[in-house]
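Engineer: Once you've had a glance at the structure underneath, I'll fire off some questions.
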Amino acid sequence: MLTAKGTATRQRMVKSAARTIRDRGPAKAGLDDIRADTSTSKSQVFHYFPDGKADLLLAVARHEAEQVLAEQQPMLGDLTSWPKWEAWRQRVIERYDAQRDKCPLTALTAQLNMADPAVRELAARSSRPGSARRHRHDQGLSG
């Protein structure tokens, strides 16, 4: 369990790593860059991310997945008609089509170890199209 200060430090490191990865790509985002940007020590990095960069990348992937879902609100929570469904779908397609390989999740998932159970769970949660389809069906919007 982290203190409030510890939670804030860890989150600051995750956000810094996310920015660095978006700017440079995961391969060029080093722990020293993140440490310098957040004014943290090497011992703090390994305190919050015991497996180093692998743990940090996983935390960034979780952060980015949360951001993706947050960006889709409130539309995602209000798919109550076919026009609303189509508007949400179009918004998502336009946004991620514009990003292409600059999508933070695409860049990160290429660097994550899919053998890691936490990574597999994150990937599974982030790509469950069935939940939106079930919502459409429940609302009588099949088609």
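Engineer: Mind counting the residues in region 1-10 that are among the polar types (S, T, N, Q), in a helix (DSSP H, G or I) and free of Cβ contacts under 8 Å to residues at least 24 places away in the same chain?
Structural biologist: Qualifying residue count for the region: 1.
Engineer: Would region 85-96 turn up any residue that is under 15 Å from the mean Cα position of the chain (by Cα), at pLDDT below 80 and not hydrophobic (A, V, I, L, M, F, W, C)?
Structural biologist: yes
Engineer: Of the numbered conditions (1) at pLDDT 80 or above; (2) closer than 15 Å to VAL14 by Cβ, LEU108 satisfies every one except a single condition; which is it?
Structural biologist: Just one mismatch for LEU108, condition (1).
Engineer: Sort out which residues of region 5-34 are closer than 15 Å to ALA54 by Cα and either hydrophobic (A, V, I, L, M, F, W, C) or open to solvent by 80 Å² or more (accessible area, probe 1.4 Å) (or both), and write them in order of number.
Structural biologist: MET13, VAL14, ALA17, ALA18, ILE21, ALA27, LYS28, ALA29, LEU31, ASP32, ILE34
Engineer: Something else: Looking only at region 11-56, count every residue that is in contact with a Ser or Thr (Cβ under 9 Å, 6 or more places away or on another chain) and not in a helix (DSSP H, G or I) and tell me the total.
Structural biologist: Residues in region 11-56 being in contact with a Ser or Thr (Cβ under 9 Å, 6 or more places away or on another chain) and not in a helix (DSSP H, G or I): 3 in total.
The values are calculated or read from the model by the stated rules, or taken from the named source; none is laboratory data. Keep in mind that what you see is a predicted model, and the values were worked out from it rather than measured. Neighbour counts are summed over all protein chains in view; Cβ atoms, including those assigned to glycine, are modelled from backbone coordinates with ideal geometry. Protein only, heavy atoms only, side chains kept; ligands, DNA and RNA dropped before computing areas. Shrake-Rupley method; radii C 1.70, N 1.55, O 1.52, S 1.80 Å.
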